[in-house]
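The values are calculated or read from the model by the stated rules, or taken from the named source; none is laboratory data. Note that the structure is a prediction, hence the values are computed from the model and not measured. Cβ: placed from backbone, ideal geometry, glycine included. Neighbour counts: every protein chain shown. Just the protein is used for accessible areas: all its heavy atoms, side chains included, with ligands, DNA and RNA removed. Shrake-Rupley method; radii C 1.70, N 1.55, O 1.52, S 1.80 Å.
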Amino acid sequence: MSEARSGTSAPTVLRMILGRRLRDMRLEAGASLEDAARALRVKTLTVRRLEKAEVALKPLYVEKLLETFGADRQETEEFVALAERANEPGWWHSYRDVVPSWFTAYVSLETDAKTLRTYEPQYVTGLLQTPEYAHAVLRGGLPHGSEEELARRVELRLRRQGLLDREDAPTLWVVMEEAVLHRMVGGPDVMREQIERLLDMSELPHVSVDIVPFSAGAHIGACAPFTYFRFEEPELPDIVYSELLSAAVYLDQREDVVAHLEAHSRMALMTSSDDSRALLNRMRKEYS
């Protein structure tokens, strides 16, 4: 389990993959963290942070480690080239003035995931928000923020949504509480347009929207919002993100991930696509 806070370095997915490869190569070579640290003349903590993608992969460090682990010249050159690429900032880096670093890690995971499952008890998930709804949600969370800052945050949210239009778009499965549809955000017109967007997006083959009705009562998922990520790359484990008020938790331990995955599946069983669409249509009429 790891907690990301403002001021920490947000790794790209490629950097995570390479960090895990470094760890695997070290283990295959029978080298300890202490052995790797001696080769680099650094503390073991530095090696551990390299393997966990908590710091940038310095080419000189990578080259020395691969030499220590017995990699050949071609493998080393290819790895160093990937490390240099992994250290390049993602497209979201230009929004670092308005987005905390602990959330840029989320955007990196979201951009490269093949499957996303989200649970939202309070608001429509960001990937499906209309610009007006996004503005109202962000304004509620930033009552003292300037309009310029707000506009930048909305712009980032809308750019993130572009991943659903890609040819290799990920599968998105959203489970929301009925309360989300009753929470007045931005006024009736904004809510009606937002519900229409949910209906439109749910017709896409790679997007599912399930609404847990009030009638479901107390259930396993009645907790904080979370997002589950699965990747194509076998080097990366499934990851769960859960956001707190001023920080975020990223979980990759199997028992934690499985618990969230099972909760998401159980909640989805409390409704159906037809029932969810019927509820969305009823709510759309209420806001007309």
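Under the condition of being assigned to a helix (DSSP H, G or I) and charged (D, E, K, R), which residue from segment 171-214 is farthest from Thr271 (Cα to Cα)?
Ranking the candidates gives Asp189 first.
Considering every residue within segment 84-105, establish whether at least one is over 17 Å from the mean Cα position of the chain (by Cα), under 30 Å from Ala37 (Cα atoms) and of a type in the set (A, V, I, L, M, F, W, C).
yes
With respect to the numbered conditions (1) part of a loop (DSSP other than H, G, I, E, B); (2) of a type in the set (A, V, I, L, M, F, W, C); (3) in contact with a Gly (Cβ under 8 Å, 6 or more places away or on another chain), which one is the sole condition not fulfilled by Leu50?
Leu50 satisfies every listed condition except (1).
May I ask you to list the residues in segment 88-120 that are in contact (Cβ under 8 Å) with a residue 60 or more places away in the chain, over 19 Å from Ala248 (Cβ atoms) and not in a loop (DSSP other than H, G, I, E, B)?
Within segment 88-120, Trp91, Thr115 meet the criteria.
Whether any residue in segment 143-150 is open to solvent by 70 Å² or more (accessible area, probe 1.4 Å) and either within 27 Å of Arg284 (Cα to Cα) or modelled with pLDDT under 90 (or both) is what I want to check.
Scanning segment 143-150 turns up at least one residue that is open to solvent by 70 Å² or more (accessible area, probe 1.4 Å) and either within 27 Å of Arg284 (Cα to Cα) or modelled with pLDDT under 90 (or both).
Show the residue pairs that are 6+ apart or on different chains and have beta-carbon atoms under 9 Å apart, the first residue being within segment 63-87 and open to solvent by less than 90 Å² (accessible area, probe 1.4 Å), the second being among the hydroxyl-bearing types (Ser, Thr, Tyr).
Glu63/Thr76; Leu66/Thr76; Ala83/Tyr61; Ala86/Thr12; Asn87/Thr12
Of (1) aliphatic (A, V, I, L, M); (2) more than 24 Å from Gln129 (Cβ to Cβ); (3) open to solvent by 70 Å² or more (accessible area, probe 1.4 Å), Leu244 satisfies all except one. Which?
That leaves (2) as the condition not met.
Are any residues in segment 163-215 among the polar types (S, T, N, Q) and under 23 Å from the mean Cα position of the chain (by Cα), and if so, which ones?
Correct list: Thr171, Gln194, Ser202, Ser208.
Take the residues of segment 184-217 that are open to solvent by 30 Å² or more (accessible area, probe 1.4 Å) and acidic (Asp, Glu): which is farthest from Ser272 (Cα to Cα)?
Applying the filter and picking the extreme gives Asp189.
Among the listed residues Arg159, Arg166, Arg153, identify the single one that is surrounded by 13 or more Cβ atoms within 10 Å (Cβ to Cβ) and without any contact (Cβ under 8 Å) to a residue 60 or more places away in the chain.
Exactly one residue qualifies, and that residue is Arg153.
Which residues, taken from segment 121-135, are assigned to a helix (DSSP H, G or I) and within 21 Å of Val107 (Cβ to Cβ)?
Selection gives Gly126, Leu127, Leu128, Pro131, Tyr133, Ala134, His135.
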